[in-house]
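> First, the structure itself, so that you have it in front of you.
Every number in this text was worked out from the coordinates using simple rules, so none of it is lab data. The model shown is predicted, which means the values in this text are computed figures rather than measured ones. Glycine gets a Cβ as well: all are built from the backbone with ideal geometry, and neighbour counts include every protein chain shown.
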Amino acid sequence: MLMIKKLVLRLSIMCSIILLAHNTTQANKKPISLQEAIDIALKDNFNIQIAGNTKKQAILCNRIDNFCMWTPRATFMLSHENIWRSGSKVYPQGNSSETGTIRWYIRSAPVFAFAWELSSLFDKIFQTKIRCQNNFVHKLVAKKSIEKELQQVVTAYYELALAQKKWELSNNLIKLATARLKVEEEKLRVGCISKIDCLDAQLALKQVRLSLLERREALTGKRRNLNLILGKLLHEETLVQSDISVQPIWDIKAVTTEKVVDLETAIQEKKVAIAATELSRAKSYLLSCLNLSGSFHSNSYFYDLADAAFYLDDKKPSRWLGRIGISMDIVTLLLMPAKIKKAKIALNNASFALQQQKLAVEGGLKDKKWNYRHALDAHKVVAEQLKISKQKLVFIREKYRLRQVKLLELHEAEEATQKAEIALVEHAFKVKQAEFDLYRLIVMFHQKLY
C-alpha cells in the first residue's frame, strides 16, 4: 500500500512538471503586442543602444575639451640650495648670533608655486558656447535615430502580422483542398464524376501547397527581420497579433499644424545658431587677443643643520602676481575680413536650408493627412469587396454541391475570397503606416514610447 502511494505521488509530481513546462511553452508562444515589441526594442535593439552611446560619447568629449581648455595649470616646485656661511649670522627669529663659525643649511625657495594662464579668453568663451550648442545637436540626432529605428519596429511588426495572416489563410485552404480531394476521389470511385474532375482537385491541392511553401518562406524572412530589430535570435519563433485594427492607437486628432515639431527642422535651427556663433567669433578676434595669467609663490624656508630647525626666509615672502596681456597674430588679423565673409556665407546657407525644411514640413502635414484619409477609404472599399466575395463563395459552394458548377470555378471563387482577405490586411497595414507618419510630425511617437 505504501509503495502504491509513493508511485501515485511521483506520477502526480511528474504530471505537474509536464503541465508547468507545457504552460511555459504556451506562454512563450503567446503573440506579443506592438507596445511589447517597442519595449523590447528600446531595451535590446543594438542600433538604439549605439545611438544613445554615441550621444553620450560626443557630449562627454565636449565636456572634457571644455575642462581642459578652462582648467589652469598648477606647478609644484621644491628648490634646494646648499650654502656655506661664515662670520656672524642673525636668525630671522632673533636668536643669538654666532661669529667665526661655518653654518650649513638647506634652503627651499619656494616651497610651493602655482601658476595659471588663459590665452584668447573671449575665443574660449565662443568655443564653449559652440560645444554646448553641439551637445543639443547630438541629443536631437540621437532622438531622430531612435525614432527612426522604432518606426522600423512598427513596420516590421505589421509586415510579420501580414505574413502570419497569409500563412493562416493558406493553411485553411490546404485543409479545404485536402478534404475536397478525398470527396472527389470517393465520387470517382462510385462513378459520379469523371477522371478530369479528380485531376482538377489534385492540381488545386498542389497549387495551394506551392502557395503555402512560398508564404512560409516569406513568414520566416519577416520573422527574422523582426527578431533582428528586437535583438533576438534569428530563428526564435516570435508571434504577433495577426489582426490589424484600423482604429487609431493614440489621439489622431491631436495632429495639428500648431503642434508640428520636426526633428530635422530642430536640428537645422541649432545649426543656424552655431553658424551665428561662428560669425560672432570671427568678428570678435580683437577681443580674443586678450590673455590673462596669474601666479602664487609661497615663502622660502631653510633648515639649519646645527640647530636642527626650520626658519622662515623674510627676504622672499609669499606673493601673488596677476597679468593682463594682448598678443596679436598679424596673419590672422589680415585674414579677419575673409574669415568674417566665410562665416556669413555659412550662416546664409544654414538659414536657407532651415527655410526649405520648414516649407517641406508645412506641405508634408497636408499630404500625410490626405494619405491617411485615402488609406481609410480604400480599407472600407476592400472590406465591402471581401463581404461580397464571401457571399459569392457561399452561392458557388451550394451550386457545386448541386453539381451546377465545376470544381475549377469553386477553386477560383475561394482564391478570390482569399485575395480579398489578404488585401484587407494589406490596406490595414497601409492605414497604420499613414497613422504613424502623422504621429512622427508632432513627436507624439517619441513621447509615447519614452
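> Taking the beta-carbon count within 10 Å as an exposure proxy, list THR71, THR155 from fewest neighbours to most.
Listed from fewest to most nearby Cβ atoms, that is THR71, THR155.
> Expressed in nm to one decimal, what extension gain is obtained for the pair LYS253 and GLU415 from 0.36 nm per residue of sequence separation less their Cα-Cα distance?
Gain in length upon complete extension: 54.5 nm.
> Further question: At what distance in nm do the modelled label points of ARG401 and LEU376 sit from each other, each positioned 7 Å from its Cα along Cα→Cβ?
Taking the simple label geometry, ARG401 and LEU376 are separated by 4.0 nm.
> Let me ask you something else. Quick one: LEU34, LEU121, fewest Cβ neighbours within 10 Å first, how do they rank?
Ascending number of Cβ neighbours within 10 Å: LEU121, LEU34.
> If you don't mind, there's one more thing I want to ask. Stretch LYS339-THR178 to full length: gain in nm at 0.36 nm per residue minus the Cα-Cα span?
49.9 nm
> Moving on to the next point. Show which lysines lie in cross-link reach of LYS283 when reach means a straight Cα distance below 22 angstrom and same-chain residues fewer than eight apart are skipped.
LYS124, LYS129, LYS270, LYS271, LYS339, LYS341, LYS342, LYS344
> May I ask you to compute the full-extension gain from ASP65 to VAL331, defined as 0.36 nm times their residue separation minus their alpha-carbon distance, rounded to one decimal in nm?
Gain on extension, ASP65 to VAL331, equals 93.1 nm.
> With +1 on each Lys and Arg Cβ and -1 on each Asp and Glu Cβ, and nothing else charged, work out how big the dipole of the range 347-446 is about its Cα centre, in Debye to the nearest 20.
With Lys and Arg at +1 and Asp and Glu at -1, about 260 debye.
> Give, as a single signed number, the net charge of other residues whose beta carbon lies under 13 Å from the beta carbon of LEU219, with Lys and Arg counted +1 and Asp and Glu -1.
Around LEU219, the surrounding residues sum to +2.
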